[in-house]
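All remarks here apply to the structure that follows.
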Amino acid sequence: MRNAPIGIFDSGVGGLTVAREVRAQLPHESISYVGDTLHTPYGSKPIADVRRWSLEILDELVSEGVKMLVIACNTASAAVLRDARERYDVPVIEVIAPAVRAAMRSTRNQRVGVIGTEATIGSGAYQDAFAAAIDLHLTAQACPAFVDHVERGDTTSPALVALAREYLAPLQEDGVDTVVLGCTHYPFLKGVLGYVLGPEVRLVSSDVETAQDVYRTLLDRDLLSGGETEPTYSYRATGANTEAFKTLANRFLGADVRHVELLRTGAIDLPTMRSPQ
């Protein structure tokens, strides 16, 4: 199993932030990435649908022989994490707890904001994760349109800046000094978010912390690749426009993604294609 790939799953391109950091920290590991672009964004969808779509793709990754699952989507983590850990015999890593740990280390005034999709904020997953910090004041804000902008490749426009000002106003009014990016799409918006919030507010994303969890778990379970074989990277999307996904993947991942395979959900019968990058 040491040379088996790590399966990384997201509702779209957002999880590429986690994949990018896993590649950086663990250069010998192979990765099989799936973005459910057919159903993105998850944040506005019924939680029962998110659970069904997520488990279908996770089932497929496990059937292909991945050695670990990374649910690189906050909405999916909130929806299926407990089920996934009971359902599969491979370790399952999520993105909420790592971001919470980082935020608690970062804050100076104990006033933290978290932004995410409607489903993630509505689930209370972050509120529950921060509950142990008795003296901490948490401001949670849903930012439903951010994912759409990222999926279209818009990370800088004036319209996006105006939207960010509207969404982030409650956090600024509460005087937060740390903001958790509670969606793996949001690190692509760090420029806009930092501009609106100002340099005194620290932005915390889960990508670095999640990759560190991946390393610790693989090491503890003796699953680290020994580097005997060249790592491979596969990228798949469930939406028909795989070329659009490839364009964004090359832009956001900072790697040469030569091919994105279409993964048909509901009747998944396509072979997995992995090619070294």
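The values are calculated or read from the model by the stated rules, or taken from the named source; none is laboratory data. The structure displayed is predicted, hence computed values, not measured ones. Glycine also receives a Cβ, built like all others from the backbone with ideal geometry; neighbour counts cover every protein chain displayed.
Identify, please: which residue in segment 223-244 is part of a loop (DSSP other than H, G, I, E, B) and of a type in the set (G, A, S) and is, among those, nearest to P98 (Cα to Cα)?
So, considering only residues that are part of a loop (DSSP other than H, G, I, E, B) and of a type in the set (G, A, S), the one nearest to P98 (Cα to Cα) is S225.
Just a yes or no: is a residue in segment 68-88 of a type in the set (D, E, K, R), over 23 Å from P144 (Cα atoms), touching a residue at least 24 places away in the same chain (Cβ under 8 Å) and surrounded by 21 or more Cβ atoms within 10 Å (Cβ to Cβ)? Walk me through how you get there before you give the answer.
So the first thing to find is which residues in segment 68-88 are of a type in the set (D, E, K, R), and the list is 82-83, 85-87.
With over 23 Å from P144 (Cα atoms) added as a condition, the list becomes 82-83, 85-87.
Retained after the next criterion (residues that are touching a residue at least 24 places away in the same chain (Cβ under 8 Å)): 83, 87.
Those left that are additionally surrounded by 21 or more Cβ atoms within 10 Å (Cβ to Cβ): none.
No, segment 68-88 contains no residue that is of a type in the set (D, E, K, R), over 23 Å from P144 (Cα atoms), touching a residue at least 24 places away in the same chain (Cβ under 8 Å) and surrounded by 21 or more Cβ atoms within 10 Å (Cβ to Cβ).
Would you mind stating whether G153 is outside the structural domain of T17 (by TED's automatic domain parsing) and either among the basic types (K, R) or assigned to a helix (DSSP H, G or I) (or both)?
So G153 fails the test.
Quick test of your reading of the structure: G43 fulfils all but one of (1) buried (at least 19 other Cβ atoms within 10 Å of the Cβ); (2) farther than 27 Å from D128 by Cα; (3) under 17 Å from the mean Cα position of the chain (by Cα). Name the failing condition by number.
(2)
Regarding segment 194-201, can at least one residue be identified that is at pLDDT 95 or above and in contact with a Ser or Thr (Cβ under 9 Å, 6 or more places away or on another chain)?
Within segment 194-201, one or more residues are at pLDDT 95 or above and in contact with a Ser or Thr (Cβ under 9 Å, 6 or more places away or on another chain).
Residue check: is V147 over 26 Å from I47 (Cα atoms) and not assigned by TED's automatic domain parsing to the domain that holds I47?
Working: over 26 Å from I47 (Cα atoms): no; not assigned by TED's automatic domain parsing to the domain that holds I47: yes.
Answer is no for this residue.
Do any residues in segment 1-20 that are within 11 Å of G65 (Cα to Cα) have Cβ atoms under 7 Å from those of residues that are at pLDDT 95 or above and assigned to a helix (DSSP H, G or I), where the two are at least six apart or on different chains, and which pairs are they?
Close Cβ pairs satisfying both conditions: I6/V22; I6/V214; G7/L61.
So in segment 202-222, with the set limited to residues that are assigned to a loop (DSSP other than H, G, I, E, B) and within 22 Å of the chain's Cα centre (by Cα), which one is farthest from A4 (Cα to Cα)?
Ranking the qualifying residues of segment 202-222, first place goes to S205.
Among the residues of segment 255-273, is any under 22 Å from L16 (Cβ atoms), in the same structural domain as L61 (by TED's automatic domain parsing) and under 18 Å from the mean Cα position of the chain (by Cα)?
Yes.
So how many residues does segment 1-16 have that are buried (at least 24 other Cβ atoms within 10 Å of the Cβ) and either over 18 Å from A78 (Cβ atoms) or basic (K, R) (or both)?
Within segment 1-16, residues that are buried (at least 24 other Cβ atoms within 10 Å of the Cβ) and either over 18 Å from A78 (Cβ atoms) or basic (K, R) (or both) number 4.
Exactly one of these conditions fails for R111: (1) farther than 26 Å from L262 by Cα; (2) of a type in the set (D, E, K, R); (3) without any contact (Cβ under 8 Å) to a residue 24 or more places away in the chain. Give me its number.
All conditions pass for R111, except number (3).
Under 9 Å between Cβ atoms, at least 6 apart or on separate chains: pull out the pairs that start in segment 146-169 with a residue that is more than 20 Å from E118 (Cβ to Cβ) and touching a residue at least 12 places away in the same chain (Cβ under 8 Å) and end on any residue that is of a type in the set (K, R) and part of a helix (DSSP H, G or I).
Here the result reads G153/R251; T155/K190, each pair linking segment 146-169 to a residue that is of a type in the set (K, R) and part of a helix (DSSP H, G or I).
Surrounded by 14 or more Cβ atoms within 10 Å (Cβ to Cβ) and of a type in the set (A, V, I, L, M): does that describe A169?
Working: surrounded by 14 or more Cβ atoms within 10 Å (Cβ to Cβ): no; of a type in the set (A, V, I, L, M): yes.
It is false that A169 is surrounded by 14 or more Cβ atoms within 10 Å (Cβ to Cβ) and of a type in the set (A, V, I, L, M).
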